[in-house]
Amino acid sequence: MEVMAIGTVALCVLIFGGITMRRLRAKRRIEASSIEPEALYELLHAKQVLLYDVRQPLDFLAHPEIIPGATRIAPKDIAEKTASFSRDQNSVLYCTGGDDDTFQMVLGKARALNFTRVKLLKGGLAAWKAKGYPVEPYTSSFQLDTATSPAE
């Protein structure tokens, strides 16, 4: 009975340790792949980075503003719209805010498209604005994704 209890405790420690290690690795990967608003501001000022707004259409509708110099690309159009973009130039993507899961998903898509020098703006547009950096109204038209699945 005692051996079984020790085995159960050891198994729990291993599982907990594995989960903790996975989270720490993901956090380190996020930190290494992100850029603070202050650093982005300096790169934009020096014209040393390409900037892409990849917010979802509904987020964009709620806040129709963009960081000056950014190119707007709807998430569903990223593969098509970026086909001719340089893959080895410093690039920064941003979305609305950014939780770790969204951050990893966006970064994964960028890397799958062979962007080798891409970072994500830590905290997204919200962090940029919180620092008092400029935004400008976005006046170009864009489409909401309203497609529905066909009736069965």
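The values are calculated or read from the model by the stated rules, or taken from the named source; none is laboratory data. The model shown is predicted, which means the values in this text are computed figures rather than measured ones. Positions of Cβ are generated from backbone atoms using ideal geometry, with glycine treated the same way; all protein chains shown enter the neighbour counts.
Observations
Residue by residue, here is whether (1) in contact with a Lys or Arg (Cβ under 8 Å, 6 or more places away or on another chain); (2) surrounded by fewer than 10 Cβ atoms within 10 Å (Cβ to Cβ); (3) modelled with pLDDT of 80 or more holds:
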residue: Glu2; (1), (2), (3): no, yes, yes
residue: Thr8; (1), (2), (3): no, no, no
residue: Ile19; (1), (2), (3): no, no, no
residue: Leu24; (1), (2), (3): no, no, no
residue: Ile30; (1), (2), (3): no, no, no
residue: Leu40; (1), (2), (3): no, no, yes
residue: Leu50; (1), (2), (3): no, no, yes
residue: Asp53; (1), (2), (3): yes, no, yes
residue: Ile67; (1), (2), (3): no, no, yes
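- Test: Asp100 is at pLDDT 85 or above, of a type in the set (Asp, Glu) and either surrounded by 10 or more Cβ atoms within 10 Å (Cβ to Cβ) or touching a strand residue (DSSP E or B) at 6+ places or on another chain (Cβ under 9 Å) (or both): no
- Of all the numbered requirements in (1) surrounded by 13 or more Cβ atoms within 10 Å (Cβ to Cβ); (2) at pLDDT 80 or above; (3) farther than 21 Å from Gly132 by Cα, Glu80 misses one, and that requirement is (1).
- Residues being outside any loop (DSSP other than H, G, I, E, B), among the small types (Gly, Ala, Ser) and surrounded by 12 or more Cβ atoms within 10 Å (Cβ to Cβ) - total across region 111-133: 3
- Residues (assigned to a loop (DSSP other than H, G, I, E, B) and hydrophobic (A, V, I, L, M, F, W, C)) located in region 54-80: Val54, Ile67, Ile73, Ala74
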